[in-house]
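This report concerns only the one structure given below.
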Amino acid sequence: MAGKDQDNVWPLPKFYFKVEVDGLDAAFQEVSGLEAEAQVIEYRHSNSKEFSTIKMPGIKKYSDVTLKKGVFVKDNKFFDWFSKIEMNLIERKPVTISLLNEKGDPTMVWTLANAWPTKITGVDLKSDGNEAAVETLVLAHEGLKIENK
């Protein structure tokens, strides 16, 4: 329900956003997977009179975040980041995703802690296509923080 503040009359549109990887702006077409979940622990002690389990919150887990972006000439920074993966060694970076208002100011900000690329999907090429070349980057991370500005 909308409050008395005029800024809260309509939901925010989702098409105006910005992504920063390690403090650098990156132009993405789409962001998905901003999800957090608590695993459920079911427990029943031996002398419980209830013939069912109780459910308790367990460990939190976070979904991988998928980013899609256009391919630009000489823009290989995410592939370069991915190619640095060695056995349990990768540079982990903070990633900030900001939903912007009409003035370009952040209204909601999602911050991924210790993000690193798990998958890069290159462009699918078609000789009769006329779409823009788009690549996909999938990031694993260790936490999702949400702030309202």
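The values are calculated or read from the model by the stated rules, or taken from the named source; none is laboratory data. Remember, it's a predicted structure, so these values are computed and weren't measured experimentally. Because the Cβ atoms are built from the backbone with ideal geometry, glycine has one as well, and the counts that use them run over all protein chains shown. The protein model used for the area step is the full one, side chains on, heavy atoms only, and it has no ligands, DNA or RNA in it. Shrake-Rupley method; radii C 1.70, N 1.55, O 1.52, S 1.80 Å.
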_Theoretical ellipticity at 222 nm over the chain - DSSP helices of four or more residues, -39500 (n - 2.57) apiece, nearest 500_ = -1000 deg cm²/dmol
*In the stretch 20-94, what is the count of Lys pairs whose alpha carbons are under 23 Å apart, counting only pairs at least 8 residues apart or on separate chains?*
12
*asked:* What figure, in Å² to the nearest 10, do you get for the accessible area of residue 72 with a 1.4 Å probe and non-protein molecules left out?
replied: 130
*Please give the FRET efficiency for residue 85 paired with residue 113, using the beta carbon to beta carbon distance and R0 = 22 Å, rounded to the nearest 0.05.*
0.75
*May I ask you to rank 46, 63 by accessible area, largest first, using a 1.4 Å probe over the protein chains only?*
46, 63
_Just checking my list (1) 68, 53, 34; (2) 109, 53, 23; (3) 44, 34, 29 against Cα extents along the principal axes in Å computed from this structure; which label fits?_
(1)
_83, 127, ranked by accessible area, largest first (probe 1.4 Å)_ = 127, 83
*With all protein chains present, calculate the accessible area of residue 85 using a 1.4 Å probe and round the result to the nearest 10 Å².*
70
*How many nm is it between the label spots at residue 46 and residue 121, if each spot is 7 Å from the Cα in line with the beta carbon?*
5.1
